[in-house]
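Notes for the one structure printed next.
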Amino acid sequence: MLALRKESTLEARGVDRAARLVGDCMTRNGLWGVGHFSGLKLNGAFQPIYCLSHKRPVGYEGLIRPVDSQGQVVAPGALFGRAGNPEQRVHLDRLCRAVHIHNFTMLGLDEGWLFLNLNPNLFWTFKRETVAFTVDLLEHFGLDSNRVVLEILEQSIPDEGLMGELVDHYHEMGCLVAIDDFGSGHANFDRIWRFRPDIVKLDRSIIANAIHNPHARRMVPGLVSLLHQTGAMVLIEGIETHDEAMIALDAEADFVQGFLFGTPMTDLATVGGVKSEMLQKLAGRFRRRLVADTKRQFKEIRGYLDLLEPWVGMVDSFDALRRRGEAFALMDGVKRCFILNHRGSQVGPNMTVGHAPHFAHIAGGDGADWSRRTYYRRAVGRPGAIQVIGPYFSQPDAGMCITLSIALEIAGAVWVFCADIEWNGSADMIVGENRFE
């Protein structure tokens, strides 16, 4: 069986649970540790996790690849099905962690995280133990706790009170905590606020839906931003194509994981070299796409901008501004136009070709206060400069739009003309002044 380490520590502690587990249930295959359970060999594999900013691996998730006595691969579900009672399931969970921690230390890496999955049955064990078994394993193999990320499946939290204690316990140990598969079926932000994970792993279903559903794609950057505001870093998992990687880059996710960046394997040095080069290419592709999208977007609104620009210095009365606005509202793609005073209050009704009757009572109108809107604040801050704001959700139509706004000084007063433009394009419109060349 696998030779024990830290004998002096073992003698001082007497009966060492981690050492006994390793000595009884693990052997070596070269440098790699192999677990043994119910007639199966538990081979460990690692899948790299990449940082999009640094374009290199920052961690590896430990995965078990069981095989039977004939060398046939056994599905992980079948492996855990062989653990017939809670004690066996806890034992198997500990053995899998022991395999991963041993193999991770054998990589000889000076930095980087080891991601370990926690079995929900560990909650049951924690009720009876005062010292987490993970501490014993880390001490036994000489791995610092600050290099370990413990993953908790979001849907597998049976007792939220106990879960909070467990998260606090691992944080006190110095480990990081990740919520896994967030968004698979349901996404409970209350758990994010309550448990304060360091990393949230977005389920593959989110990125897969974003490829085919424009509404879902628009939501990904907002979801990542919201998770960032909770204090968590965001990892998007299950990325398999370049287009999915582009969505992760666009959403400003911190980390990515998936077959595109590396399948589970042990030849990590090769994986890191190849995929780092690929990430450089992805970054270049993203920059080129961003420039192309920006040009296309401004090409789509160029006609509106060309019509608005001459208004500076030409409009000499409020009535003239109103007439120009009514003509502007008739252009294809314009949802509505309206005028605000210097305080951001709407003056007069909307100039519009119509809106859905369901939203007539919230479509705005004379006296509506839009002073908190970005299109007003940006415009009054830079009179005479057209502002391009959006895309964002428009209440009167329950749809996406962009708003063009410009503040004009007319006869000693400031008026802000605003035009809502229907928008079915991407969610990354440039926001700010119209300075695109």
Between V148 and residues 5 or more places away or on another chain, the pairs with built amide H atoms under 5 Å apart involve L114, L176
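Which ordering of R97, R323 is given by a fewest-first count of other beta-carbon atoms within 10 Å?
On the way: R97 27, R323 13.
The fewest-first ordering by Cβ neighbours comes to R323, R97.
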Ordering 239-247, 175-183 by per-residue average of other C-beta atoms within 10 angstrom, highest first, gives 175-183, 239-247
Round to a whole angstrom and tell me the spacing of the C-alpha centers of the range 48-120 and the range 298-351.
61
Ranking request for peptides 365-377, 57-69: highest mean number of other beta-carbon atoms within 10 Å first, then the rest in descending order.
57-69, 365-377
Using amide H atoms built 1.01 Å from N in the peptide plane, name the residues 5+ places from V234, or on other chains, whose amide H lies under 5 Å from its own.
V200, D254, F255
Descending Cα extents along the principal axes, the range 243-302, whole Å:
53, 17, 16
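Using alpha-carbon pairs under 8 Å, 6+ residues apart, how would you state the relative contact order of the range 7-266 in percent?
On the way: 427 pairs, mean separation 44.6, N = 260.
With pairs under 8 Å counted, the relative contact order is 17 percent.
All of the numbers you see were taken from the coordinates with simple rules; none came from a lab. Bear in mind the structure is a predicted one, so any value in this text is a computation, not a measurement. Counting neighbours? That spans all protein chains shown, and the Cβs are built from the backbone with ideal geometry, glycine included.
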